[in-house]
1. Select the strands (runs of 3 or more DSSP E) contained entirely in the stretch A:57-114, then report the ones holding at least 1 residues which are away from DNA strand D (no atom under 16 Å from the Cβ).
2. Out of the residues in the stretch B:41-93 meeting the condition of being in contact (Cβ under 8 Å) with a residue 24 or more places away in the chain, in contact with a Phe, Trp or Tyr (Cβ under 7 Å, 6 or more places away or on another chain) and under 22 Å from B:S14 (Cα atoms), tell me which one is surrounded by the fewest Cβ atoms within 10 Å (Cβ to Cβ).
3. Pairs please, first residue from the stretch B:104-121 and within 8 Å of chain A (Cβ to nearest Cβ), second anywhere and charged (D, E, K, R), Cβ atoms under 6 Å, 6+ apart in sequence or on different chains.
4. Among the residues of the stretch A:40-89, count how many are among the small types (G, A, S) and at pLDDT below 95.
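The values are calculated or read from the model by the stated rules, or taken from the named source; none is laboratory data. Remember, it's a predicted structure, so these values are computed and weren't measured experimentally. Note that each Cβ is placed from the backbone with ideal geometry, even for glycine, and that neighbours are counted across all protein chains shown.
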2 protein chains.
Amino acid sequence: MNTNTNFIEKLRSSGLRPTKQRIKICEALFDRNETFHFTINDLAKTIEEKLNEKISLATVYNTVHAFKKKGYLKEISINSDKSYFDTNTSVHHHFFDEDTNELIDCNQENIDSINIKNNITGKKINSVEVLIKVASDYQNQK
Amino acid sequence: MNTNTNFIEKLRSSGLRPTKQRIKICEALFDRNETFHFTINDLAKTIEEKLNEKISLATVYNTVHAFKKKGYLKEISINSDKSYFDTNTSVHHHFFDEDTNELIDCNQENIDSINIKNNITGKKINSVEVLIKVASDYQNQK
DNA sequence: TTCTATATTATAATTATTCTAAACTGTTGA
DNA sequence: TCAACAGTTTAGAATAATTATAATATAGAA
Ligand SMILES: [Mn+2]
Ligand SMILES: [Mn+2]
Ligand SMILES: [Zn+2]
Ligand SMILES: [Zn+2]
């Protein structure tokens, strides 16, 4: 596998041992054309069902957090129930579909750049992100 | 207490029985000049320590959710660990101080109105909110 | 190959939140 | 006024997401 060689290099170069499990998780996450959003449970299920590998849930948590720390993943909090992760690590905006609980990337060009007139004194702005909550046009009640 | 009479009316008019506990929680939440952010645990502690009343945690959860449903509170998800609630129920932006985990309101005039050029087809925009993550100028690592 | 730091794993622990079911209370209408 | 009942509170159990533990396994260096 050519891609696996890349993953091994990527892991090694960031100081992570390229273990069987980490490589599998790389496959599940980065062997794609498009970025996507997932929960830890989604990921564990995908690996078990589609990639036919059983990785301990603790390892999936550890690896996802290690990848986040290395900047390969980004964590997104929309509702408090569970945490979403994003393979798109750039600062970017989201639509959140309240009907389906789906998180959808919003192109940066879709929103004009946002200017913060007064920042908190003594602090540096790390990110400015917009969350657009949408729902079906009918039924306003949730 | 004059305010309590108001709380009783408010509760009654929204179809919630004005129980001792709900009135206490109203006091803790709405007997102030400024809106604020809190977690359920903060609230339970405040009631116990400052208002010298012990309310079951289940009741605090129930009441906060009932108030949210009635539109008196708003839930905010910043990190997945716990849920923040806001007595400012308007659509508004936030600063989140990553050093202190503090959530701070951002005046609407502090950001020019945001125009979404392309919305998701068939969906209505319910809210557009900005989250600005800030941290101390030194130390970039978390 | 051997050694050691790291990583994985099953499992237990923790934490936030929700559920349950019994006891209690605000409201209503006789 | 007060009994009756629906709605509410409560302690504690249950759940679900996540993290900690500690024994076992493995990658990489020597
Ligand atoms: Mn909730
Ligand atoms: Mn986390
Ligand atoms: Zn995204
Ligand atoms: Zn706020």
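1. Hits in the stretch A:57-114: A:93-97, A:102-106.
2. B:T87
3. Correct list of pairs: B:N110/A:K117.
4. Residues that pass the stated criteria total 3.
For every residue, the table says whether it meets (1) within 12 Å of DNA strand C (Cβ to nearest atom); (2) closer than 25 Å to B:K20 by Cβ.
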position: B:N33; (1), (2): no, yes
position: B:H37; (1), (2): no, no
position: B:N41; (1), (2): yes, yes
position: B:N62; (1), (2): yes, yes
position: B:A66; (1), (2): yes, yes
